[in-house]
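Novice: Here's a structure for you.
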Amino acid sequence: MSEDPPPVTEPAAREEALVEQVLAAFEGTPSPRLKQLLQALVRHLHAVVRETRLTTQEWETAIGFLTACGHITDDRRQEFILLSDVLGLSMQTIAVNNEARGDATEATVLGPFFTEGAPEIPIGGELPGGAAGEPCWVEGVVTDTAGAPVPGARIEVWEADADGCYDVQYGDGRTAGRAHLHSDDQGRFAFWGVTPTPYPIPADGPVGDLLRATGRSPMRASHLHFLVSAEGLRTLVTHIFVRGCAYLGRDSVFGVKESLVKDFVRQEPGTPAPGGRRIDGPWTRVRFDIVLAAPERKETDAHRPAPDASGIVGGR
């Protein structure tokens with residue numbers, strides 16, 4: 001008597017069996033958090049392949065794209081952060097890690113151009129390096145959510161110049177358009193920068209190729225970056241945006257939040273400027289009051305990396 005033929009395994013069942021096999025391979029991961037992250041990643045990546053019926057050629061193209069992102073990344077350019085930004089992943093991670101509390105200032109993306117070691121300036125000082133652009137006076141106060149002033153808060157600021165470039169994009173070692181300062185004993189701060197203008201994110205690499213292939217603009221809404229930290233309070237990464245900018249509704253990295261859109265009030269030539277500075281042409285001024293939230297409760301899993309200043313677990 002002949003044996004019965006083996007049962008026919010449907011493609012869907014074979015695919016699901018592979019998913020379960022890969023998940024099982026991570027069951028012994030010592031860190032519960034790492035296990036959770038890797039198994040969730042496996043489930044979702046396999047789901048994309050199965051849903052779209054990804055071809056081998058498309059898979060190879062994706063691998064080539066990621067390889068190109070790695071090749072163009074160096075200590076002055078982070079293409080993977082740029083990719084995360086244009087996919088909305090950076091903002092989604094920030095949304096997850098920065099739940100709104102009271103009147104705390106909302107967070108937004110760190111972006112790929114933050115650098116450590118920016119020079120210190122006094123209150124009322126000027127961002128160094130002679131970054132081209134229309135002068136802009138920025139002032140405000142740092143408080144906690146109870147309204148108490150925060151003295152000695154470290155305020156990192158950086159911005160593109162009028163040509164749409166950050167200092168690190170010039171490649172000549174200059175430091176321009178970035179600095180840090182500290183709030184005074186009443187939480188106040190002020191400095192001279194340049195009026196923000198819209199600019200394209202770097203589009204000469206694989207992320208730029210992706211935007212062109214999908215018909216998307218690389219333009220960012222006009223903004224000024226802040227990273228604010230103080231002992232006992234949550235570190236804040238945010239921007240302020242220029243009200244009236246044409247790109248507020250189509251920022252390429254989805255970073256705009258209504259609470260961060262500010263009035264950069266234009267001043268006519270000859271208008272007296274703070275600190276007695278003489279300005280021949282027009283200039284602007286903006287007020288940005290910063291409210292820092294209390295820190296998150298401690299993680300229960302000691303193996304889980306803490307979010308860095310960008311809100312991204314594991315950092316850059």
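The values are calculated or read from the model by the stated rules, or taken from the named source; none is laboratory data. Being a predicted model, the structure only gives us computed values, none of them experimental. Backbone-built Cβ (ideal geometry, glycine too); neighbour counts: all protein chains shown. Calculation scope for accessible area: heavy atoms of the full protein, side chains included, ligands and nucleic acids excluded. Shrake-Rupley method; radii C 1.70, N 1.55, O 1.52, S 1.80 Å.
Novice: With respect to the numbered conditions (1) modelled with pLDDT of 70 or more; (2) surrounded by fewer than 16 Cβ atoms within 10 Å (Cβ to Cβ); (3) of a type in the set (D, E, K, R), which one is the sole condition not fulfilled by D301?
Specialist: The failed condition is (1).
Novice: State all residues of the stretch 136-158 that are buried (at least 19 other Cβ atoms within 10 Å of the Cβ) and within 22 Å of F241 (Cβ to Cβ); if no residue qualifies, say none. Full working, then the answer.
Specialist: The first filter runs over the stretch 136-158 and keeps only residues buried (at least 19 other Cβ atoms within 10 Å of the Cβ), leaving 136-138, 140-144, 150, 153, 155-158.
Correct list: C136, W137, V138, G140, V141, V142, T143, A153, I155, E156, V157, W158.
Novice: Here's something else I'd like to know. Could you tell me whether C136 is under 18 Å from the mean Cα position of the chain (by Cα) and either part of a loop (DSSP other than H, G, I, E, B) or under 25 Å from P272 (Cβ atoms) (or both)?
Specialist: Details: under 18 Å from the mean Cα position of the chain (by Cα): no; either part of a loop (DSSP other than H, G, I, E, B) or under 25 Å from P272 (Cβ atoms) (or both): yes.
Judged against the criteria, C136 is not a match.
Novice: Scanning the stretch 1-30 for residues that are of a type in the set (S, T, N, Q), in a loop (DSSP other than H, G, I, E, B) and surrounded by fewer than 13 Cβ atoms within 10 Å (Cβ to Cβ), which turns out modelled with the lowest pLDDT? Spell out the reasoning first.
Specialist: Filtering the stretch 1-30 down to residues of a type in the set (S, T, N, Q) leaves 2, 9, 21, 29.
Going one step further and asking which of them are in a loop (DSSP other than H, G, I, E, B), we end up with 2, 9, 29.
Those still in the list that are surrounded by fewer than 13 Cβ atoms within 10 Å (Cβ to Cβ) too: 2, 9.
Values: S2: 54, T9: 66.
Going through the qualifying residues, I end up with S2.
Novice: Further question: Scanning for something on the phi > 0 side of the Ramachandran plot and open to solvent by 80 Å² or more (accessible area, probe 1.4 Å), does the stretch 62-76 turn up at least one residue? Walk me through it before giving the result.
Specialist: Going through the stretch 62-76, the residues on the phi > 0 side of the Ramachandran plot turn out to be none.
No, the conditions are met nowhere in the stretch 62-76.
Novice: Any chance you could count how many residues in the stretch 98-119 are surrounded by fewer than 16 Cβ atoms within 10 Å (Cβ to Cβ), modelled with pLDDT under 95 and either on the phi > 0 side of the Ramachandran plot or of a type outside the set (D, E) (or both)?
Specialist: Taking the stretch 98-119 as the starting set, the residues that turn out to be surrounded by fewer than 16 Cβ atoms within 10 Å (Cβ to Cβ) are 99-103, 115-117, 119.
Those still in the list that are modelled with pLDDT under 95 too: 99-103, 115-117.
Those still in the list that are either on the phi > 0 side of the Ramachandran plot or of a type outside the set (D, E) (or both) too: 100-102, 115, 117.
So the answer is 5.
Novice: A follow-up question, please. Here is a list of conditions, (1) free of Cβ contacts under 8 Å to residues at least 40 places away in the same chain; (2) not in a loop (DSSP other than H, G, I, E, B), and T143 meets all of them except one; can you say which number that is?
Specialist: Checking T143 against (1) free of Cβ contacts under 8 Å to residues at least 40 places away in the same chain; (2) not in a loop (DSSP other than H, G, I, E, B), the one that fails is (1).
Novice: For the stretch 108-124, state whether one or more residues are more than 30 Å from Q92 (Cβ to Cβ) and of a type in the set (G, A, S). Spell out how you get there, then give the answer.
Specialist: Going residue by residue through the stretch 108-124, those that are more than 30 Å from Q92 (Cβ to Cβ) are 119-124.
Cutting the leftovers down to of a type in the set (G, A, S) gives us 124.
Yes, the stretch 108-124 has at least one match.
Novice: Determine which single condition G173 fails, assuming it passes every other condition in (1) assigned to a loop (DSSP other than H, G, I, E, B); (2) without any contact (Cβ under 8 Å) to a residue 60 or more places away in the chain; (3) farther than 19 Å from A132 by Cα; (4) not hydroxyl-bearing (S, T, Y).
Specialist: Going through (1) assigned to a loop (DSSP other than H, G, I, E, B); (2) without any contact (Cβ under 8 Å) to a residue 60 or more places away in the chain; (3) farther than 19 Å from A132 by Cα; (4) not hydroxyl-bearing (S, T, Y) one by one, G173 breaks only (3).
Novice: Hey, does the stretch 83-90 have a residue that's open to solvent by 60 Å² or more (accessible area, probe 1.4 Å), at pLDDT 95 or above and touching a Ser or Thr at 6+ places or on another chain (Cβ under 7 Å)? Lay out the reasoning, then the answer.
Specialist: Here is the first cut: in the stretch 83-90, the residues open to solvent by 60 Å² or more (accessible area, probe 1.4 Å) are 87, 89.
From what is left, the residues that are at pLDDT 95 or above are 87, 89.
Filter once more, keeping what is touching a Ser or Thr at 6+ places or on another chain (Cβ under 7 Å): none.
Scanning the stretch 83-90 turns up no residue that is open to solvent by 60 Å² or more (accessible area, probe 1.4 Å), at pLDDT 95 or above and touching a Ser or Thr at 6+ places or on another chain (Cβ under 7 Å).
Novice: Here's another thing I want to ask about it. It is to be established whether one or more residues within the stretch 188-195 are within 18 Å of the chain's Cα centre (by Cα) and either open to solvent by 50 Å² or more (accessible area, probe 1.4 Å) or of a type outside the set (V, I, T) (or both). Break it down into steps so the answer makes sense when it comes.
Specialist: The initial filter retains those residues of the stretch 188-195 that are within 18 Å of the chain's Cα centre (by Cα), namely none.
Looking through the stretch 188-195, none of the residues is within 18 Å of the chain's Cα centre (by Cα) and either open to solvent by 50 Å² or more (accessible area, probe 1.4 Å) or of a type outside the set (V, I, T) (or both).
Novice: So is T73 without any contact (Cβ under 8 Å) to a residue 12 or more places away in the chain, over 20 Å from F254 (Cβ atoms) and under 21 Å from the mean Cα position of the chain (by Cα) or not?
Specialist: Considered against the rule, which asks whether it is without any contact (Cβ under 8 Å) to a residue 12 or more places away in the chain, over 20 Å from F254 (Cβ atoms) and under 21 Å from the mean Cα position of the chain (by Cα), T73 comes out as yes.
Novice: In contact (Cβ under 8 Å) with a residue 24 or more places away in the chain and open to solvent by 80 Å² or more (accessible area, probe 1.4 Å), is that true of R33?
Specialist: Values: in contact (Cβ under 8 Å) with a residue 24 or more places away in the chain: yes; open to solvent by 80 Å² or more (accessible area, probe 1.4 Å): no.
Against the criterion (in contact (Cβ under 8 Å) with a residue 24 or more places away in the chain and open to solvent by 80 Å² or more (accessible area, probe 1.4 Å)), R33 does not qualify.
Novice: Quick one: C165 ticks every box in (1) outside any loop (DSSP other than H, G, I, E, B); (2) closer than 17 Å to Y199 by Cα; (3) not small (G, A, S) except a single one, so which number is it?
Specialist: Every condition holds for C165 apart from (1).
Novice: Can you say whether D161 is closer than 30 Å to D280 by Cβ, out of contact with any helix residue (DSSP H, G or I) (no Cβ under 7 Å at 6 or more places or on another chain) and open to solvent by 50 Å² or more (accessible area, probe 1.4 Å), as far as the supplied structure shows? It would help to see each step written out before you state the result.
Specialist: On the way: closer than 30 Å to D280 by Cβ: yes; out of contact with any helix residue (DSSP H, G or I) (no Cβ under 7 Å at 6 or more places or on another chain): yes; open to solvent by 50 Å² or more (accessible area, probe 1.4 Å): no.
Answer is no for this residue.
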